[in-house]
Each structure stands twice: as C-alpha cells, then as structure tokens.
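What follows is a single structure, written as structure tokens, with notes after it.
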Amino acid sequence: MDKIFGGIIEFENDEELEDFLKNIDDVNSFKVIEAAIEYAYMRGIFTQSETYVIYKSMKKLNNKFNN
C-alpha cells in the first residue's frame, strides 16, 4: 500500500489513485490541498509566511465557491 502526504491518502496502486482523483469533489479537493500544505509546512518546505499566504488564498477561493 502506498500513501502520500503523511498518510492522508492511501492507495493500493496507481490505478486506484487515478480513480480517486477522477472522482474527487470540491470539498475533498480542498481537504487534500490543506493536508498537503500542512504536511509540507511541518517538514520545513514552506515558511510560516508562505503557509499563511497559501491559507489566505485558499480561504478566498473557498468563499467564492460557497457564494
């Protein structure tokens, strides 16, 4: 079993991952992106400022989708 972003997504093979991505909805897309950002931040890939900019950008997009 493979997993990415610290285990937020687990899949048996590439086909299963592709199937998941083909059918992912907007809510779960945002959840995956949030988890990926948190995973990267915790490993020092993004600075706190970079993480904040991404968060604010996602929040703006999320508000647009919800209106």
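No value in this document is a laboratory result; all are computed from the given coordinates. Bear in mind that the values here come from a model prediction, so they are computed numbers and not experimental data. Ideal geometry is used to build each Cβ from the backbone, glycine not excepted, and the neighbour counts take in all protein chains shown.
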> By how many degrees, between 0 and 90 and to the nearest 10, does the Cα long axis of helix 14-23 differ from the longest principal axis of the chain?
Replying inline: 50 degrees
>> Show me, for the range 51-56, the HN-Hα J-couplings you get by feeding each phi into the Karplus relation (A = 6.51, B = -1.76, C = 1.60, θ = phi - 60°), rounded to Hz, glycine and proline as x.
In response: 4, 5, 4, 5, 4, 5
>> For ILE9, what residues show an amide H to amide H distance below 5 Å, using hydrogens built from the backbone and excluding near sequence neighbours?
In response: ILE4
> Summing -39500 (n - 2.57) over the DSSP H runs of n ≥ 4 in the chain and dividing by its residue number, what mean residue ellipticity at 222 nm do you reach, to the nearest 500 deg cm²/dmol?
Replying inline: -22500 deg cm²/dmol
> Roughly how compact is the chain, stated as its Cα Rg over 2.2 N^0.38 Å to two decimals?
Replying inline: 1.25
> Using Cα atoms only, what is the angle between the long axis of helix 26-42 and the major principal axis of the chain, expressed in degrees (0 to 90) to the nearest 10?
Replying inline: 80 degrees
> Counting pairs of alpha carbon atoms under 8 Å apart in space and at least six apart in sequence, what relative contact order in percent does the chain give?
Replying inline: 21 percent
> Using the Karplus equation 6.51 cos²θ - 1.76 cosθ + 1.60 (θ = phi - 60°), what ³J(HN,Hα) coupling, rounded to whole Hz, does each residue of the range 58-64 give in order, writing x for Gly and Pro?
Replying inline: 5, 4, 5, 5, 4, 4, 5
>> Using Cβ contacts closer than 10 Å as the measure, can you line up VAL53, VAL32 from fewest to most?
In response: VAL53, VAL32
